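Peer 1: Below: one structure in structure tokens.
Rule-based calculations on the coordinates, nothing more; no lab input. Just so it is clear, the model here is predicted, and its values are computed rather than measured. Positions of Cβ are backbone-derived with ideal geometry, glycine not excepted, and every protein chain shown enters the neighbour counts.
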Amino acid sequence: GIQVEQSPPDLILQEGANSTLRCNFSDSVNNLQWFHQNPWGQLINLFYIPSGTKQNGRLSATTVATERYSLLYISSSQTTDSGVYFCASNSGGSNYKLTFGKGTLLTVNP
Amino acid sequence: NAGVTQTPKFQVLKTGQSMTLQCAQDMNHEYMSWYRQDPGMGLRLIHYSVGAGITDQGEVPNGYNVSRSTTEDFPLRLLSAAPSQTSVYFCASSVTGDGIQYFGAGTRLSVL
């Protein structure tokens, strides 16, 4: 099946800093999603972005499907951005089996 | 709008006991799925369903059973719990299998 790798595994920022999280996938995809898991465990969908660029406030995401990677940008980070960021994807041949990366643990210090 | 509701939030079992984790959604989504989350492993797909009466296995199905008799409900059954099934379980739903996934709050299960 498809392999999804995220980097970096851990990231520590000061409030106000910018960051870029990366997600590499091993096969062509028709589904790429970014999620944030807050410190209480809740998983929230941030972006559905199989290709192209989207922005939502201080967050934006870009997926370059031909080169098999996606980037999540966080600008002017806040302490509430802390948590684990996951990307997930499925390959074109297995539309219903979503594979998650192991996540990036982000800590934003005040 | 409740979204995806999981019960219970916490559960402790003894090895060999059985139980059912409940998952219900009120968004009329056809696709529902169960994941387990273990430290350092991300989320792994256990079973999924593309509609009432249709289920299939995910990446780690052993030790778990599912059925889907209605669009709203997708219970996950542990027939004989094992310590290796200690984990946090998440249920998710979406309009289609490749659509935006909406997650429940999770069930933290400990098997002693």
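Peer 1: In the range B:1-80, what trypsin sites (Lys or Arg not before Pro) fall in a loop by DSSP, with at most 11 other Cβ atoms inside 10 Å? Display every interim value, and only then the final one.
Peer 2: Numbers: sites: B:K9, B:K14, B:R36, B:R44, B:R68, B:R77; in loops: B:K9, B:K14, B:R68.
Listed in order of number, the matching sites are B:K9, B:K14.
Peer 1: For B:S69 and B:T96 in one chain, what is 0.36 nm times their gap in residues minus the Cα-Cα distance, to one decimal in nm? Mind dumping the intermediate values first?
Peer 2: Details: separation 27, 0.36 × 27 = 9.72 nm, distance 1.78 nm.
Residue separation times 0.36 nm, minus the Cα-Cα distance, leaves 7.9 nm.
Peer 1: For chain B, what value does the Rg/Rh ratio take when both radii are computed over Cα atoms and Rh is the Kirkwood radius, given to two decimals? If you can, show how the numbers build up before the last one.
Peer 2: On the way: Rg = 13.0 Å, Rh = 13.8 Å.
Here Rg/Rh amounts to 0.94.
Peer 1: Work out, step by step, the length gained on full extension between A:Q42 and A:N109: first 0.36 nm times the residue separation, then minus their alpha carbon distance; give nm to one decimal. Mind dumping the intermediate values first?
Peer 2: Values: separation 67, 0.36 × 67 = 24.12 nm, distance 2.04 nm.
Extra length from A:Q42 to A:N109 when fully extended: 22.1 nm.
Peer 1: Still on this structure, please answer the following. To the nearest 20 debye, what is the magnitude of the charge dipole of chain A about its Cα centre, counting +1 on the Cβ of each Lys and Arg and -1 on the Cβ of each Asp and Glu?
Peer 2: Working: 6 positive and 6 negative charges, 38 e Å.
The calculation lands at about 180 debye.
Peer 1: Next question. Give me the lysines in straight-line cross-link reach of A:K97: C-alpha distance below 30 Å, same-chain residues under 8 apart excluded.
Peer 2: Candidates past the 8-residue exclusion: A:K54, B:K9.
Peer 1: With each label point set 7 Å from Cα along the Cα-Cβ vector, what nm distance links A:E5 and A:N56?
Peer 2: 2.7 nm
Peer 1: Please give the length that would be gained between A:Y69 and A:I12 if that part of the chain were fully extended, namely 0.36 nm times their separation in residues minus their C-alpha to C-alpha distance (nm, one decimal). Display every interim value, and only then the final one.
Peer 2: Details: separation 57, 0.36 × 57 = 20.52 nm, distance 2.24 nm.
So the extension gain works out to 18.3 nm.
Peer 1: Taking the Cα of B:T86, stepping 7 Å toward and past its beta carbon, and measuring to each backbone N in the range B:4-31: which are under 12 Å?
Peer 2: Residues B:12-15 qualify, since their backbone N sits under 12 Å from the label point.
Peer 1: With only Lys, Arg, Asp and Glu charged, each at its Cβ (+1 for the first two, -1 for the last two), find how big the charge dipole of the protein assembly as shown is about the Cα centre; round to the nearest 20 debye. Please list the in-between numbers first.
Peer 2: Working: 13 positive and 14 negative charges, 70 e Å.
The calculation lands at about 340 debye.
Peer 1: Do you know the relative contact order of chain A, to the nearest whole percent, from alpha carbon pairs under 8 angstrom that are 6+ apart?
Peer 2: Working: 288 pairs, mean separation 41.6, N = 110.
Relative contact order for chain A comes out at 38 percent.
Peer 1: Positive end of the charge dipole of the protein assembly as shown (Lys, Arg +1 and Asp, Glu -1 on Cβ, about the Cα centre): tell me which of B:A105, A:C87, A:G57 has its Cα farthest that way.
Peer 2: B:A105
Peer 1: Using the Kirkwood radius built from alpha carbon pairs, what does the Stokes-Einstein equation give as D for chain A at 4 °C and 1.567 mPa s, in µm² per second? Don't skip to the answer; put the middle values down first.
Peer 2: Numbers: Rh = 13.9 Å.
After rounding, the answer is 94 µm²/s.
Peer 1: Once the Cβ-Cβ distance between B:Q17 and B:D38 is put in as r, and R0 is 22 Å, what FRET efficiency do you end up with, to the nearest 0.05?
Peer 2: Working: r = 20 Å, r/R0 = 0.92.
Efficiency, from the Cβ-Cβ distance: 0.65.
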